[in-house]
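Colleague: Okay, here's the structure, questions in a sec.
Just so you know, all these numbers are worked out from the coordinates, no wet-lab data involved. As the structure is a computational prediction, the values presented were derived from the model and not from experiment. Ideal geometry is used to build each Cβ from the backbone, glycine not excepted, and the neighbour counts take in all protein chains shown.
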Amino acid sequence: MVKEIFGPQEIEDGIEELAQSIIANFPDEDVVFVGLRTRGVTLAKRVAATLQKNRHTDYPVGTLDISLYRDDFGHRGREFPSLETSELPFEIDGKRVVLFDEVIYTGRTIRAALEGLIDYGRPARIELAVLVDRGLREIPIQPDYFVLRLDTTALEYVKVRFREDDDQEDSVVLESSKSELEA
Amino acid sequence: MSELKPRKDLLDIESLDLSEIEYVLSNAVPFKQLFQRSVKKVPTLRGKTVLNLFYEPSTRTSSSFEVAAHRLSADVTNFTVSSSSVVKGESLLDTIETLQAMRSDYIVIRHKAAGVPGIVAQHTKASVVNAGDGFHAHPTQALLDAMTVREVFPEHQGRRVVIVGDILHSRVARSTSTLFHKLGIEVAYFGPGTLVPAERHDFLRRLMSWEEVFDWKPDVIYLLRVQLERQEGAFFPSIAEYHKMYGLNSLRLDRLRQMGSWLMHPGPVNRGVEITDEAMRYERSLISTQVENGIAVRMAVLHWLKPENGVDS
């Protein structure tokens, strides 16, 4: 079963909302954006583009691949991760860093991202912005900014699609797996 | 990439398929990028053990593996022949049994006899990486060479590499030329008649003089080390003679410079034998790049191999 939660317009509004709340905080601090590959990078770039349009200010966007920091290396299903380069073309020491991912779920990805990020330096502050918080955390990590909060079960998937990455219209969909229907 | 089959050991280049080669070479790129950071380490192999088992002297390869393992946060034990019980007469299989009891996850092995890493691999659950066995193979050297050529030539297909020197005794020549051939890079050999094997000419061109080398217009000149320690058989009259005939001197260097060719060497170099001081300073030398890429490729190899004593087995 597939249910569309957000379409292109809602996503655009959501990104506008994220941008507003991010710049409303700590206006005096030097801020940089870091997106987690792949869709976190797209989200960060969209927020940066919105801010460029509204405020004529550039916010640098870096990318982080956290495959080497995952806590499930060697487990089945993740046997051959294709590694990507991380590109942080700026110093993060003393900066306010906003991390972006499209969905927060167990929190383990963000834990790995925090560990990866601090290997690049010591930011003054790290915050987390996501499009969807689907609950079911396994680690005490919460987003500072989110657009949508969904109550989900472990048998569901939340999929965020961006036109840049997925060759289709922007959307957030909730998919239920078969096993739940049979149950 | 999920279509890759789990592989326990890396023993040679011949048994690798193209998707595996591509996987290792493309993963090595982000590993190399880590070296630019102040923290060069990632936690991927935390709690795993790498055993460096070197039956032949090697500083460069063993330290390259050691650095690679450290940068993946693995623990490393160095087991060298002069300090091990091998000198006390322990057999290879008894040594393996001891190693098995130590529960290493990865064993990196160099041995003067071809095939020893393969035997060790059959008798242990650890992943075995061949770091050079006799005249047989040196697969991580080949992978780092391929990475180096691909950095300079992203369109590497059809590029030309001439390997110069002692082909016969060189596991580097064997593994590297096999890998280059698999990747569609053309390979030629040039060296003393006594040091170029006759049976390896199936896909390899043999060049007979420096003139033929220059006429072939190679993109890379790959000099091999003259293995002074293996010259018991009098394969060439003298070091001076070798240098005169096959060494990269100023005149030959000028020709390379005109062609824009790159220079590679697996190290360590013998200055005044296969290469001159001047050639060591050549602006298109990739020798240091090879060392750096060696660490990245070895990280990618350790990251790729799956020991049998892993979480799920």
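Colleague: So, counting K/R as plus one and D/E as minus one, what does the shell of residues with Cβ under 12 Å around A:ALA49 add up to? Numbers along the way, then the final one.
Modeller: Values: positive: A:LYS45, A:ARG46, A:LYS53, A:ARG55; negative: A:GLU12, A:GLU16, A:ASP58, A:GLU164.
So the surrounding residues net to 0.
Colleague: Another question about this same structure. How high is the FRET efficiency between A:ASP165 and A:ARG55 when r is their beta carbon distance and R₀ equals 25 Å, given to the nearest 0.05?
Modeller: For A:ASP165 and A:ARG55, the calculated efficiency is 0.45.
Colleague: So what is Rg over Rh here for chain A, counting just Cα atoms and using Kirkwood for Rh?
Modeller: My calculation of the ratio gives 0.96.
Colleague: Quick one: divide the alpha-carbon radius of gyration of the protein assembly as shown by 2.2 N^0.38 Å and tell me what you get.
Modeller: 1.15
Colleague: Could you list B:SER261, B:SER91, B:SER127 so that the one with the fewest beta carbons within 10 Å of its beta carbon is first and the one with the most is last?
Modeller: B:SER91, B:SER261, B:SER127
Colleague: Within chain B, count lysine pairs with alpha carbon atoms under 24 angstrom apart where the residues are 8 or more positions apart or belong to different chains.
Modeller: Lysine pairs satisfying the spacing and distance rule in chain B number 27.
Colleague: Let me ask something additional. Work out the FRET efficiency for B:MET259 and B:GLU229 from their Cβ-Cβ distance, taking R0 = 45 Å, and round it to the nearest 0.05.
Modeller: Here the calculated transfer efficiency is 0.85.
Colleague: Okay, next question. How far is it, in nm, from the label point at B:GLU97 to the one at B:ALA113 when both lie 7 Å from their Cα along the line to the Cβ?
Modeller: 1.7 nm
Colleague: Taking R0 as 41 Å, what's the FRET efficiency between A:PHE90 and B:LYS5 from their Cβ-Cβ distance, rounded to 0.05? Working shown, then result.
Modeller: Values: r = 41 Å, r/R0 = 0.99.
The formula returns an efficiency of 0.50 here.
Colleague: Distance in nm between label sites at B:SER38 and B:PHE153, each 7 Å beyond Cα in the beta-carbon direction?
Modeller: Simple spin-label model gives 4.0 nm for this pair.
Colleague: Mind checking which aspartates and glutamates have their Cα closer than 17 Å to the Cα of A:LYS159? Skip sequence neighbours fewer than 8 apart in that chain.
Modeller: The qualifying aspartates and glutamates are A:GLU4, A:GLU10, A:GLU12, A:ASP101, A:GLU102, A:ASP133, A:ASP151, A:ASP167, A:GLU169, A:ASP170, A:GLU175.
Colleague: Give me the percent of DSSP beta bridges within the protein assembly as shown that run antiparallel, rounded to the nearest 5.
Modeller: About 20 percent, rounded to the nearest 5.
Colleague: How tilted is helix A:108-118 with respect to the longest principal axis of chain A? Cα atoms for both, answer in degrees (0 to 90, nearest 10).
Modeller: Computed tilt is about 20 degrees.
Colleague: Here's something else I'd like to know. Taking the 0 to 90 degree range and rounding to the nearest ten, how far is the long axis of helix A:8-24 tilted relative to the main principal axis of chain A, both from C-alpha atoms?
Modeller: 40 degrees
Colleague: Next question, about the same structure. Tell me the label-point distance for the pair B:LYS125, B:ILE239, using the 7 Å Cα-to-Cβ offset, in nm and rounded to one decimal.
Modeller: That separation, rounded to one decimal, is 5.0 nm.
Colleague: What's the percent breakdown of Cα-Cα distances in chain B across 10 Å bins, shortest bin first?
Modeller: That works out to 6, 27, 34, 23, 9, 1, in percent per bin.
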